[in-house]
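The structure appears right after this line, and notes come after that.
The values are calculated or read from the model by the stated rules, or taken from the named source; none is laboratory data. Quick caveat: nothing in here was measured; it's all calculated off a predicted structure. For neighbour counting, all protein chains shown are included, and Cβ atoms are generated from backbone atoms with ideal geometry for every residue, glycine included.
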Ligand SMILES: N[C@@H](CCC(=O)N[C@@H](CS)C(=O)NCC(=O)O)C(=O)O
(Lines give C-alpha, C1' and ligand atoms only; values in the text may rest on other atoms or scores of the structure.)
Protein backbone atom coordinates (compact mmCIF):
# COMPACT_ATOMS: atom_id res chain seq x y z
CA UNK A 1 0.00 0.00 0.00
CA UNK A 2 1.08 3.57 -0.65
CA UNK A 3 2.96 4.95 2.34
CA UNK A 4 2.93 8.69 3.08
CA UNK A 5 5.56 10.00 5.49
CA UNK A 6 4.51 13.38 6.86
CA UNK A 7 2.35 15.11 9.43
CA UNK A 8 -1.29 15.60 8.40
CA UNK A 9 -1.17 19.30 9.32
CA UNK A 10 1.54 20.07 6.73
CA UNK A 11 0.49 22.26 3.81
CA UNK A 12 2.33 20.04 1.35
CA UNK A 13 1.35 16.69 2.85
CA UNK A 14 -2.30 17.78 2.66
CA UNK A 15 -2.02 18.08 -1.13
CA UNK A 16 -1.09 14.38 -1.30
CA UNK A 17 -3.81 13.30 1.13
CA UNK A 18 -6.43 15.26 -0.78
CA UNK A 19 -5.28 13.82 -4.13
CA UNK A 20 -5.40 10.25 -2.78
CA UNK A 21 -8.97 10.79 -1.59
CA UNK A 22 -10.01 12.29 -4.94
CA UNK A 23 -8.60 9.24 -6.74
CA UNK A 24 -9.92 6.82 -4.13
CA UNK A 25 -6.43 5.56 -3.38
CA UNK A 26 -5.84 3.83 -0.04
CA UNK A 27 -2.72 4.82 1.89
CA UNK A 28 -0.95 4.49 5.23
CA UNK A 29 0.50 7.59 6.82
CA UNK A 30 3.25 8.01 9.41
CA UNK A 31 3.82 11.25 11.28
CA UNK A 32 7.13 12.90 10.40
CA UNK A 33 8.12 16.56 10.52
CA UNK A 34 7.80 19.41 12.99
CA UNK A 35 6.37 18.18 16.30
CA UNK A 36 6.71 14.53 15.28
CA UNK A 37 9.54 12.26 14.18
CA UNK A 38 12.50 14.29 12.89
CA UNK A 39 13.34 14.57 9.21
CA UNK A 40 17.05 15.26 9.72
CA UNK A 41 18.06 11.73 10.73
CA UNK A 42 20.29 9.68 8.40
CA UNK A 43 17.38 7.24 7.89
CA UNK A 44 14.97 9.95 6.73
CA UNK A 45 17.60 11.80 4.69
CA UNK A 46 18.33 8.54 2.95
CA UNK A 47 14.71 8.61 1.74
CA UNK A 48 14.50 12.35 1.12
CA UNK A 49 17.84 14.15 0.97
CA UNK A 50 16.17 17.56 1.38
CA UNK A 51 14.71 16.50 4.75
CA UNK A 52 11.14 17.61 4.12
CA UNK A 53 7.68 16.12 4.13
CA UNK A 54 5.90 14.71 2.23
CA UNK A 55 7.95 11.70 1.31
CA UNK A 56 5.90 8.99 -0.36
CA UNK A 57 6.80 5.37 -0.98
CA UNK A 58 4.95 3.46 -3.67
CA UNK A 59 5.85 -0.21 -3.70
CA UNK A 60 9.48 0.59 -2.84
CA UNK A 61 9.70 3.65 -5.11
CA UNK A 62 10.55 6.69 -2.98
CA UNK A 63 9.30 10.14 -3.98
CA UNK A 64 9.62 13.73 -2.76
CA UNK A 65 8.12 17.10 -3.84
CA UNK A 66 4.37 17.32 -3.36
CA UNK A 67 3.49 18.49 -6.87
CA UNK A 68 5.66 15.86 -8.56
CA UNK A 69 4.08 13.23 -6.28
CA UNK A 70 0.48 14.16 -7.06
CA UNK A 71 1.17 14.27 -10.80
CA UNK A 72 2.76 10.80 -10.55
CA UNK A 73 -0.24 9.41 -8.65
CA UNK A 74 -2.72 10.78 -11.18
CA UNK A 75 -0.69 9.47 -14.11
CA UNK A 76 -0.16 6.05 -12.57
CA UNK A 77 -3.81 5.58 -11.65
CA UNK A 78 -5.12 7.12 -14.88
CA UNK A 79 -6.98 9.89 -13.05
CA UNK A 80 -7.36 11.73 -16.34
CA UNK A 81 -10.29 13.76 -15.03
CA UNK A 82 -7.77 15.45 -12.71
CA UNK A 83 -4.72 15.36 -14.98
CA UNK A 84 -5.68 14.77 -18.62
CA UNK A 85 -3.52 13.25 -21.32
CA UNK A 86 -4.10 16.25 -23.61
CA UNK A 87 -0.80 18.16 -23.46
CA UNK A 88 -2.34 21.62 -23.75
CA UNK A 89 -4.84 20.97 -20.95
CA UNK A 90 -2.07 19.48 -18.87
CA UNK A 91 0.20 22.46 -19.44
CA UNK A 92 -2.50 24.85 -18.19
CA UNK A 93 -2.85 22.76 -15.03
CA UNK A 94 0.89 22.59 -14.45
CA UNK A 95 1.31 26.33 -15.00
CA UNK A 96 -1.03 27.06 -12.06
CA UNK A 97 0.68 24.42 -9.95
CA UNK A 98 4.13 25.88 -10.65
CA UNK A 99 2.85 29.38 -9.89
CA UNK A 100 1.68 28.18 -6.48
CA UNK A 101 4.89 26.23 -5.81
CA UNK A 102 7.12 29.19 -6.57
CA UNK A 103 5.55 32.66 -6.55
CA UNK A 104 2.62 32.13 -4.18
CA UNK A 105 4.67 30.03 -1.76
CA UNK A 106 7.21 32.84 -1.49
CA UNK A 107 4.45 35.33 -0.66
CA UNK A 108 2.99 32.99 1.96
CA UNK A 109 6.36 32.71 3.69
CA UNK A 110 6.07 36.38 4.52
CA UNK A 111 2.30 36.63 4.94
CA UNK A 112 1.77 33.41 6.87
CA UNK A 113 5.01 31.99 8.31
CA UNK A 114 6.38 35.43 9.18
CA UNK A 115 3.26 37.52 9.66
CA UNK A 116 0.96 35.03 11.33
CA UNK A 117 3.17 32.37 12.95
CA UNK A 118 5.99 34.88 13.66
CA UNK A 119 8.51 32.26 12.59
CA UNK A 120 12.09 33.39 12.09
CA UNK A 121 13.65 34.17 9.68
CA UNK A 122 10.41 35.00 7.84
CA UNK A 123 9.14 37.40 10.54
CA UNK A 124 11.37 40.18 9.28
CA UNK A 125 9.20 43.31 8.99
CA UNK A 126 9.84 44.14 5.34
CA UNK A 127 9.55 40.49 4.32
CA UNK A 128 6.14 40.19 6.01
CA UNK A 129 4.92 43.42 4.37
CA UNK A 130 6.19 42.29 0.97
CA UNK A 131 4.59 38.84 1.37
CA UNK A 132 1.22 40.35 2.28
CA UNK A 133 1.37 42.77 -0.65
CA UNK A 134 2.37 40.07 -3.13
CA UNK A 135 -0.20 37.55 -1.87
CA UNK A 136 -2.96 40.16 -2.05
CA UNK A 137 -1.96 40.89 -5.66
CA UNK A 138 -1.96 37.18 -6.46
CA UNK A 139 -5.43 36.72 -4.98
CA UNK A 140 -6.62 39.67 -7.08
CA UNK A 141 -5.20 37.99 -10.18
CA UNK A 142 -6.91 34.74 -9.16
CA UNK A 143 -10.18 36.59 -8.70
CA UNK A 144 -9.96 38.14 -12.16
CA UNK A 145 -9.07 34.79 -13.71
CA UNK A 146 -12.02 33.08 -12.01
CA UNK A 147 -14.41 35.81 -13.15
CA UNK A 148 -13.25 35.31 -16.74
CA UNK A 149 -12.86 31.52 -16.75
CA UNK A 150 -14.21 30.01 -13.50
CA UNK A 151 -15.57 28.37 -11.52
CA UNK A 152 -12.39 26.23 -11.47
CA UNK A 153 -8.83 27.15 -12.38
CA UNK A 154 -8.81 25.30 -15.69
CA UNK A 155 -12.12 25.09 -17.46
CA UNK A 156 -15.43 24.07 -16.02
CA UNK A 157 -14.26 21.03 -14.06
CA UNK A 158 -12.15 20.41 -11.00
CA UNK A 159 -8.56 19.39 -11.88
CA UNK A 160 -5.27 18.79 -10.13
CA UNK A 161 -4.53 22.53 -10.39
CA UNK A 162 -7.26 23.19 -7.83
CA UNK A 163 -5.55 21.14 -5.12
CA UNK A 164 -2.53 23.39 -4.40
CA UNK A 165 -4.65 26.49 -5.02
CA UNK A 166 -7.41 25.19 -2.74
CA UNK A 167 -4.91 25.03 0.09
CA UNK A 168 -3.68 28.54 -0.70
CA UNK A 169 -7.21 29.94 -0.65
CA UNK A 170 -7.94 28.22 2.66
CA UNK A 171 -4.81 29.81 4.10
CA UNK A 172 -5.69 33.20 2.62
CA UNK A 173 -9.01 33.16 4.47
CA UNK A 174 -7.22 32.19 7.69
CA UNK A 175 -4.91 35.22 7.71
CA UNK A 176 -5.84 37.25 10.77
CA UNK A 177 -3.73 40.37 10.44
CA UNK A 178 -4.08 40.99 6.72
CA UNK A 179 -6.49 43.57 5.42
CA UNK A 180 -8.17 41.27 2.90
CA UNK A 181 -9.91 43.03 0.02
CA UNK A 182 -13.20 41.38 -0.95
CA UNK A 183 -12.64 39.14 -3.95
CA UNK A 184 -16.07 37.63 -4.69
CA UNK A 185 -14.88 35.05 -7.21
CA UNK A 186 -12.25 33.77 -4.78
CA UNK A 187 -14.95 33.45 -2.11
CA UNK A 188 -17.18 31.57 -4.58
CA UNK A 189 -14.24 29.30 -5.46
CA UNK A 190 -13.71 28.56 -1.76
CA UNK A 191 -17.40 27.68 -1.45
CA UNK A 192 -17.44 25.40 -4.50
CA UNK A 193 -14.33 23.56 -3.31
CA UNK A 194 -15.95 23.10 0.09
CA UNK A 195 -18.59 20.91 -1.55
CA UNK A 196 -15.88 18.26 -1.96
CA UNK A 197 -15.54 15.80 0.96
CA UNK A 198 -11.79 15.43 0.34
CA UNK A 199 -11.32 19.21 0.63
CA UNK A 200 -13.26 19.29 3.87
CA UNK A 201 -11.08 16.42 5.16
CA UNK A 202 -7.66 17.78 4.20
CA UNK A 203 -8.04 21.37 3.01
CA UNK A 204 -10.75 23.37 4.70
CA UNK A 205 -10.53 21.30 7.87
CA UNK A 206 -9.98 24.00 10.47
CA UNK A 207 -6.23 24.21 9.87
CA UNK A 208 -4.72 27.24 8.13
N1 LIG B 1 8.73 21.83 -2.17
C2 LIG B 1 8.40 20.88 -1.15
C3 LIG B 1 8.24 21.65 0.16
C4 LIG B 1 8.04 20.70 1.32
C5 LIG B 1 7.97 21.46 2.63
O6 LIG B 1 8.23 22.66 2.73
N7 LIG B 1 7.58 20.74 3.67
C8 LIG B 1 7.48 21.31 4.99
C9 LIG B 1 6.10 21.08 5.57
S10 LIG B 1 4.82 21.84 4.63
C11 LIG B 1 8.49 20.63 5.90
O12 LIG B 1 8.96 19.54 5.63
N13 LIG B 1 8.79 21.29 7.01
C14 LIG B 1 9.68 20.77 7.99
C15 LIG B 1 9.01 19.93 9.02
O16 LIG B 1 7.79 19.75 9.04
O17 LIG B 1 9.77 19.39 9.85
C18 LIG B 1 7.12 20.11 -1.52
O19 LIG B 1 6.28 20.69 -2.22
O20 LIG B 1 6.97 18.94 -1.13
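For this structure, a couple of remarks:
- Per the conditions (1) away from the ligand (no atom under 11 Å from the Cβ); (2) buried (at least 19 other Cβ atoms within 10 Å of the Cβ); (3) on the phi > 0 side of the Ramachandran plot, the sole criterion not satisfied by residue 18 is (3).
- Candidates 81, 91 - the one that is more than 16 Å from the ligand (Cβ to nearest atom) and part of a loop (DSSP other than H, G, I, E, B): 81
- All of 59, 85 fail the test of being surrounded by fewer than 19 Cβ atoms within 10 Å (Cβ to Cβ) and within 18 Å of residue 26 (Cβ to Cβ), apart from 59.
- Residue 144 satisfies every condition listed in (1) surrounded by fewer than 20 Cβ atoms within 10 Å (Cβ to Cβ); (2) under 17 Å from residue 11 (Cβ atoms) except (2).
- Residue in the range 39-50 that is over 20 Å from residue 109 (Cα atoms), more than 15 Å from the ligand (Cβ to nearest atom) and not assigned by TED's automatic domain parsing to the domain that holds residue 100 present: yes
- Among the conditions (1) surrounded by fewer than 16 Cβ atoms within 10 Å (Cβ to Cβ); (2) closer than 21 Å to residue 17 by Cβ; (3) in the same structural domain as residue 189 (by TED's automatic domain parsing), residue 103 misses just one, which is (2).
- Selected residue (criterion: nearest to the ligand (Cβ to nearest atom)) from residues of the range 21-35 that are over 22 Å from residue 105 (Cβ atoms) and not in a strand (DSSP E or B): 31
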